[in-house]
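**Student:** Before anything else, here's the structure in question.
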Amino acid sequence: SSEEIRVTVPQTAEPGKVQLHYANGMLETKSMLTYSEPISIEEITPATVKPGAELTISGEYLNLIKEVSFSFLADSVNVYAADFKAHDRKQIVVTVPEEAVSGTIIISDAKEVPNTIKSEQTIEIVLPSVTAPLDLTNAKGGDAVTVKGKDLDLVRSILMPDETEVKFTYNADDSSVSFTLPENASDGAIVAVPASGVKVAIANIGMVVPTEIAATPAQGIRGGDEITIAGVNMDQVTTVSFPNVEEAVTPAEIKPNAVKVVFPAMAQSGNAVLNLKSGKTVEVALATAKPEVTGFEP
């Protein structure tokens, strides 16, 4: 009209003064034109995603976003605009970092005083999994173990119950991991750890102990006597502790069916303790020789 012009602001327009062009020249507004661009997240897909796969964030004014932050356990896990797979006003596509964990995500314009928006929707990050933890009853150090499951390609380390890390190999053909039990393995859960640091139990281990134990001799023992302690799985023994002797004694001979150990001079009657590689112990009863009075005079 003669008094007013109305125009739709283009989506690509930037802040500044508006110019009105007419036949004989140009007019410019005295005030600056600025914009309200409410950034929002409408949807995140897929809801369950594997590290290394692509995640799509849909919303409004996402072209202003410079950074996407994922939930994490330790160090910050951020993906910056330079690494976005796609980026426009309505959508951001990013590759999910290996370190990401399940939870919400945060997007930011990365300004000096950043505008950050936290998603209401949570995403589930895929973890290595097994149908049920493998039962490793009566296991021995040196045993080879193979665990099958899903997404085991995500495993970055395998920890024994005492947090000792063991070397492993991944087989893509049957989605399995294989490793060897260390000699000092102990009872408890064996866990697989992806890059995120989330621990997943893949096996429960119960270390073998010697059974059917018998000592020869078991009675009338004197200091310096060699005792043979026979049984099954005797090669798991590392040392033997005797009553009244502070330091454990290393056997003179260790075989799968027996160990031979010298009885210390200061040892007393009682239970000798067989100390095992796994940290477990087994006891065997021993009795020392006793003085016997056969006569006296006068």
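The values are calculated or read from the model by the stated rules, or taken from the named source; none is laboratory data. Note that the structure is a prediction, hence the values are computed from the model and not measured. Positions of Cβ are backbone-derived with ideal geometry, glycine not excepted, and every protein chain shown enters the neighbour counts. Ligands, DNA and RNA are stripped out before the accessible areas are found, and what is left, the full protein with its side chains, is counted by its heavy atoms. Shrake-Rupley method; radii C 1.70, N 1.55, O 1.52, S 1.80 Å.
**Student:** Please report Rg over Rh for the range 182-232, where both radii come from the alpha carbon positions and Rh follows the Kirkwood definition. Spell out each step's value before the answer.
**Tutor:** On the way: Rg = 20.0 Å, Rh = 14.9 Å.
Looking at the range 182-232, the ratio lands at 1.34.
**Student:** Which option, (1) 40, 26, 15; (2) 77, 19, 12; (3) 49, 25, 15, is the value of semi-axes √(5λ) of the Cα gyration tensor in Å that was calculated from these coordinates?
**Tutor:** Correct label, based on the coordinates given: (2).
**Student:** From the cross-link list 90/199; 167/260; 66/150; 140/260; 167/280, which pairs have alpha carbons spaced over 30 Å apart?
**Tutor:** Details: 90/199 36 Å; 167/260 34 Å; 66/150 34 Å; 140/260 21 Å; 167/280 24 Å.
Beyond 30 Å: 90/199; 167/260; 66/150.
**Student:** Which of the lysines could be linked to residue 17 by a straight reach, that is with a Cα gap under 26 Å, when you skip same-chain ones fewer than 8 residues away?
**Tutor:** 30, 111
**Student:** Same structure, new question: Per residue and in Å³, how big is the convex hull formed by the alpha-carbon atoms of the range 120-249?
**Tutor:** 155
**Student:** If R₀ is 25 angstrom, what is the calculated FRET efficiency for the pair residue 252 and residue 285, using the beta carbon separation as r and rounding to 0.05?
**Tutor:** So the FRET efficiency works out to roughly 0.75.
**Student:** Shifting gears a bit: Can you tell me what percent of all Cα-Cα pairs in the range 60-99 are more than 12 Å apart?
**Tutor:** 55
**Student:** Within a Cβ distance under 14 Å of residue 38, other residues only, what is the Lys/Arg minus Asp/Glu net charge?
**Tutor:** Once positives and negatives cancel, what remains is -2.
**Student:** Name the long-range amide H neighbours of residue 101: under 5 Å, sequence gap of 5 or more, or other chain; modelled H, no Pro or chain starts.
**Tutor:** The answer is 71, 72.
**Student:** For residue 269 and residue 174 in one chain, what is 0.36 nm times their gap in residues minus the Cα-Cα distance, to one decimal in nm?
**Tutor:** Between residue 269 and residue 174, full extension yields 28.6 nm more.
**Student:** Let me see the pair-distance distribution of the range 51-195: every alpha carbon pair, 10 Å bin width, integer percents in order.
**Tutor:** For the range 51-195, the pair-distance distribution reads 10, 33, 24, 18, 12, 4, 0.
**Student:** Residues with amide H under 5 Å of residue 42's amide H, sequence separation 5 or more or different chain, H placed in the peptide plane at 1.01 Å from N; which?
**Tutor:** Hits under the 5 Å cutoff: 58, 59, 60.
**Student:** Through the Karplus equation 6.51 cos²θ - 1.76 cosθ + 1.60, θ set to phi - 60°, convert the phi angles of the range 210-224 into ³J(HN,Hα) values in whole Hz; use x for Gly and Pro.
**Tutor:** These are the phi-based 3J(HN,Hα) values: x, 10, 6, 7, 8, 9, 9, x, 10, 9, x, 8, 10, x, x Hz.
**Student:** Also: Counting only heavy atoms of protein chains, what accessible area per residue, in Å², does the chain have with a probe of 1.4 Å?
**Tutor:** That works out to 59 Å² for each residue.
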